[in-house]
Amino acid sequence: MMRMKQIYPRIYDGETIYSIASRLVLSDVSSSISQSMLNVFENKNIQLDSILPSFINRLALVSGCSRDELLDKHSLFQYYALFSTESVRAQARALLLKDNSIEAFKTLGLLANRISCHDVHQFCPVCAQEQEKQFGEAYWLRAHQLPLTNSCYKHHCRLVSIPKQRKRLLFPLIDYEPSFVISTLEHKLTSFNYAFSQAHYFDPARLRQAYAVRLINQGLATTRFVRHSLWREQMRVYFDEYMSHDAVFKLLQNDAEYAFPASIFYNDEAIHHPLKHLLVCTFLFEHVDDFIDAYTQKELLKVVHSEPITPQSEIDALRQDTVLTLLRQGLPLRQIIQVANVSAATVRNIARKHAIPLKTQERKINDEVHRAITIQLIIGRHVADIANKFNLKKGDVEQVLSGQPIIKELRRRIRFYRHRQQARRALIATLYTLKTPTITLLRRSADKEYVWLFKHDKPWLNSFKKFYFKSG
């Protein structure tokens, strides 16, 4: 018996493909979700997604919406292809239209970047209530699913996250109370992300030029090289509140294997995850219009009047004369190093050459105080506290610590166990403040502690969740 053709569903402006497909499946009256999936998509094992869907052809057939419209207006294809070259975009689109999302991911560099995609659906409580009032149902919006988007671009309230479930189709909750407590940085990231989601594409060469000019004008680069360490450190400070986010932490940690952010300039053919461009744009430009002006109108380089460069030989000769003068005045070694800006070896060599005896400062720390400080260091007290206790400078205490790798390692472990204890206690305390505890609510309420435990104390975190959330 031939199955009757299903009535095409309503498709809303900015709605995600996941939302459209889920409504189709739930509208199919069957004994189970699996059977409805089989009826609608002729395959009960496909995974509904909104990023780069592998079911675009079948969805176009059963929804009455063209493949191109589904791809451009309801998936995240345009967003993830935004910074790619024309040939790469065309290749990725062709693969998606052949239902080959894995190869499309590879073509766009999303797998090579090792930045995981969202494992949650996000919605704005105000948007959901407005949708329910206007259309009688709530749906997922594409602009809310972008990486590092934590607030609604329209209502400026915090988005609510619901973990994705393969065997259950979800929609936004209608009666969720909105929270309007968002930071300036959260709003700025949302603004840039929303602008990116509405754009068609950016020319990579022109984009890098806009970045380079702004970097030079901010003193983070010259016309020949990027001051990578300085740039990265400033970005770490700027995005401090997001360092608990796994992707941001990976990109900006001090010992990161990635060369971000300077890697943006390394290879003209390289493909970078949109999240990298989002971080760079948010850091370099004051707001979206500032970025668009710099990109479209080609920002001018600031004219810097610099003094003539002094030859290195003259600098070295001047330093040696300064060192010699200070030695003859009888200044101690450490003070000469600071005043002349030279190494200890240089001072000793000059003193030896001119047969001038080096004057050393009297020791501030005798053997008894040295032992007492060592004990304080071993038990893990802060350097500043020890310095205050013995009426010394922090540098004096750090000098006692220097050259003692065993004590340094011991202090590192003490800090770790102390941090672990604080994080565990905070998570347990937070649990008892929640009226209806769920893992999602717990993570949102104690995000930094949860992420730290996930990275450094995962077995305990898993056993904790298993004990308190047995049903999960």
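The values are calculated or read from the model by the stated rules, or taken from the named source; none is laboratory data. Values in this document were obtained by computation on a predicted structure and should not be read as measured data. Neighbour counts are summed over all protein chains in view; Cβ atoms, including those assigned to glycine, are modelled from backbone coordinates with ideal geometry. Heavy atoms of the whole protein, side chains included, go into the accessibility calculation; ligands, DNA and RNA do not. Shrake-Rupley method; radii C 1.70, N 1.55, O 1.52, S 1.80 Å.
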Exercise. Gain in length, Thr296 to Gln253, computed as 0.36 nm per residue apart minus the alpha-carbon separation, to one decimal in nm?
Worked result: 12.3 nm
Exercise. Does anyone have the angle between helix 458-468 and the longest principal axis of the chain? Alpha-carbon axes, 0 to 90°, nearest 10?
Worked result: 50
Problem set entry | Percent antiparallel among DSSP beta bridges (both partners in the chain, rounded to 5) | 90
Seminar exercise, completed: Probe 1.4 Å, heavy atoms of protein chains only: per residue, the accessible area of the chain in Å² is 57
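For Glu368, Glu137, give the ranking by accessible area with the largest first, probe 1.4 Å.
Glu368, Glu137
Which value, in debye to the nearest 20, describes the size of the charge dipole of the chain about its Cα centre when Lys and Arg Cβ atoms bear +1, Asp and Glu Cβ atoms bear -1, and nothing else is charged?
1980
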Seminar exercise, completed: If unit charges are put on Cβ atoms (+1 for Lys and Arg, -1 for Asp and Glu) and the dipole of the chain is taken about its Cα centre, the option from Leu461, Ala372, Leu141 lying farthest towards the positive end turns out to be Ala372
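Can you tell me the FRET efficiency between Glu132 and Arg67 if r is taken as the Cβ-Cβ distance and R0 is 30 Å, rounded to the nearest 0.05?
It comes out at approximately 0.50.
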For this session: Please give the length that would be gained between Arg224 and Phe202 if that part of the chain were fully extended, namely 0.36 nm times their separation in residues minus their C-alpha to C-alpha distance (nm, one decimal).
Result: 5.5 nm
Problem set entry | Under the Debye formula (equal points on every Cα, no solvent term), log10 I(q)/I(0) of the stretch 20-122 at q = 0.11, 0.21, 0.22 Å⁻¹ | -0.35, -1.12, -1.19
Exercise. Taking the stretch 400-464, which trypsin sites (Lys or Arg not before Pro) meet the DSSP loop condition and have no more than 10 other C-beta atoms within 10 Å?
Worked result: Lys435
Seminar exercise, completed: Magnitude of the Cβ-charge dipole (Lys and Arg +1, Asp and Glu -1) of the stretch 81-216 about the Cα centre, nearest 20 debye, reported as 460
Exercise. Assuming R0 = 41 Å, what is the FRET efficiency of Arg328 and Arg236, from their Cβ-Cβ distance, to the nearest 0.05?
Worked result: 0.35
Seminar exercise, completed: Normalised Cα Rg of the chain, dividing by 2.2 N^0.38 Å with N its residue count, works out at 1.31
Problem set entry | Computed over the stretch 1-108: relative contact order in percent, which uses C-alpha pairs under 8 Å that are six or more apart | 24
Seminar exercise, completed: For the chain, the charge dipole (Cβ of Lys, Arg +1; Cβ of Asp, Glu -1; about the Cα centre) points to a positive end, and the Cα of Ala210, Ala92, Leu252 closest to that extreme belongs to Leu252
Exercise. How large is the convex hull of the Cα atoms of the stretch 332-452 per residue, expressed in Å³ as a whole number?
Worked result: 162
For this session: Report the relative contact order of the chain, percent, no decimals, based on alpha-carbon pairs under 8 angstrom and at least 6 residues apart.
Result: 10
Seminar exercise, completed: To the nearest 10 degrees, the tilt of helix 312-328 (Cα long axis) against the first principal axis of the alpha carbons of the chain is 50
Exercise. For the chain, which whole-number percentage of the solvent-accessible area (1.4 Å probe, protein heavy atoms only) is attributable to carbon and sulfur atoms?
Worked result: 52
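Treating only the Cβ of Lys, Arg, Asp and Glu as charged (+1, +1, -1, -1), what charge dipole size does the stretch 311-396 show about its Cα centre? Round to the nearest 20 debye. Write down the numbers at each step before the final one.
Numbers: 14 positive and 8 negative charges, 33 e Å.
Result for the stretch 311-396 is approximately 160 debye, rounded to the nearest 20.
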Exercise. Counting pairs of alpha carbon atoms under 8 Å apart in space and at least six apart in sequence, what relative contact order in percent does the stretch 126-215 give?
Worked result: 31
For this session: Pop a pseudo-label 7 angstrom from the Cα along the beta-carbon direction at both Asp13 and Thr438 and give the gap in nm to one decimal.
Result: 3.0
Exercise. Hey, what angle do you get for helix 367-378 against the long axis of the chain, alpha-carbon based, 0 to 90 degrees rounded to 10?
Worked result: 0
For this session: Quick one: which residues, 5+ away or cross-chain, put their amide H under 5 Å from the amide H of Ala221? H built at 1.01 Å from N.
Result: Ile216, Arg227
For this session: Using a Förster distance of 25 angstrom, determine the FRET efficiency expected from the C-beta separation of Ile46 and Asn267, and round it to 0.05.
Result: 0.10
Seminar exercise, completed: For the table Lys73/Lys167; Lys408/Lys465; Lys44/Lys448; Lys164/Lys455, the rows whose alpha-carbon distance is greater than 28 Å are Lys408/Lys465; Lys44/Lys448
For this session: Post the alpha-carbon centroid distance, the stretch 451-468 to the stretch 163-205, in whole angstrom.
Result: 27
Seminar exercise, completed: With the dipole of the chain defined by +1 on each Lys or Arg Cβ and -1 on each Asp or Glu Cβ, the option from Leu173, Val383, Val339 whose Cα lies farthest towards the positive pole is Val383
